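Asks: Sending over a structure as structure tokens; questions will come in a sec.
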Amino acid sequence: RACGTREMAPSPREPDIIDHRPRDFWSVKNHPLSGITAVQWARLCWRHFRDIDVCTYWPRLVFLTIMSLLNTCGALVDTLVYGAAVRKQPLNDEPVFIIGHPRTGTTHLHNLLSKDDRFVCATTFSVGFPSSCLCLRAIAPLMGLIMDNKRPMDDMALGWDTPQEDELAVNMMSGGVSPYMPLLLPRKEKSFRKYYRFLTGAVPAEPKKKRREYGP
């Protein structure tokens with residue numbers, strides 16, 4: 001019978017290793033944690049240190065660490081100078097909540113309501129630097145150094161005095177007890193879904209922490 005040489009199976013090719021760097025590797029603009037204080041930054045890092053890619057994102061981590069120290073100094077000034085006045089400030093017992101899915105026009109509605117003198121809303125600066133916005137308000141116009149004038153996802157106008165969601169402040173003041181966290185740790189998105197359900201299923205300490213950040 002005829003016989004021939006058997007073809008050898010090709011050896012598996014080693015996978016290519018691509019050195020990945022995020023887009024705008026050195027950019028630190030528009031970061032939702034720019035106003036966090038050192039204590040909350042430390043708590044957030046401790047809680048999620050296994051999920052932070054230090055080698056890839058070290059410029060932003062250094063930036064946030066420096067900002068947290070500056071914000072802590074501002075927070076101390078705010079507490080000493082304005083603390084008593086803040087505690088005496090009466091709260092409106094009929095707040096208006098805008099609730100909706102992303103990309104459904106909630107930002108546009110927020111902007112429209114802000115034009116009505118019967119409503120008062122938080123600004124980008126006040127929620128971006130919730131612990132030190134009072135003592136730092138004189139330098140609020142300088143936010144252009146760390147913030148673009150348009151939102152990166154839809155080109156809507158963005159400025160230090162434009163209306164902004166208070167959840168941005170809650171995310172920083174609670175150390176990450178917020179539905180904003182998937183923006184920072186998208187691979188853990190599932191673990192943050194409980195914050196969309198008003199903390200149903202969260203650990204007992206978390207609802208109390210979030211209520212404290214919203215006020216009495």
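Asks: Could you pull out every residue, at least 5 positions away or on a different chain, whose amide H is within less than 5 Å of the one on ALA122? Hs are placed 1.01 Å off N in the peptide plane, and Pro or chain starts have none.
Replies: GLN164
Asks: Roll a 1.4 Å probe over the protein chains and send me the accessible area per residue for region 74-142 in Å².
Replies: About 76 Å² of surface per residue is accessible.
Asks: State the percentage of accessible surface on region 38-164 attributable to carbon and sulfur atoms; use a 1.4 Å probe and exclude ligands, DNA and RNA.
Replies: Working: 5710 of 8970 Å².
Exposed carbon and sulfur together represent 64 percent of the surface.
Asks: Another question, then. Test of the criteria: in region 34-136, which chymotrypsin sites (Phe, Trp or Tyr not before Pro) are in a DSSP loop and have at most 15 other Cβ atoms within 10 angstrom of their Cβ?
Replies: In loop regions of region 34-136 (DSSP not H, G, I, E or B), the sparsely surrounded chymotrypsin sites (Phe, Trp or Tyr not before Pro) are PHE97, PHE119.
Asks: Could you give the nm distance between label points at ARG43 and ASP166, where each point is 7 Å from its Cα heading toward the beta carbon?
Replies: 1.8
Asks: Please quote Rg/Rh for region 47-125 to two decimal places, taking the Kirkwood radius as Rh and restricting both calculations to Cα atoms.
Replies: A ratio of 1.10.
The values are calculated or read from the model by the stated rules, or taken from the named source; none is laboratory data. No experiment lies behind these values; they were computed from the predicted model shown. Backbone-built Cβ (ideal geometry, glycine too); neighbour counts: all protein chains shown. What goes into the accessible areas is simple: the full protein's heavy atoms, side chains included, and nothing from ligands, DNA or RNA. Shrake-Rupley method; radii C 1.70, N 1.55, O 1.52, S 1.80 Å.
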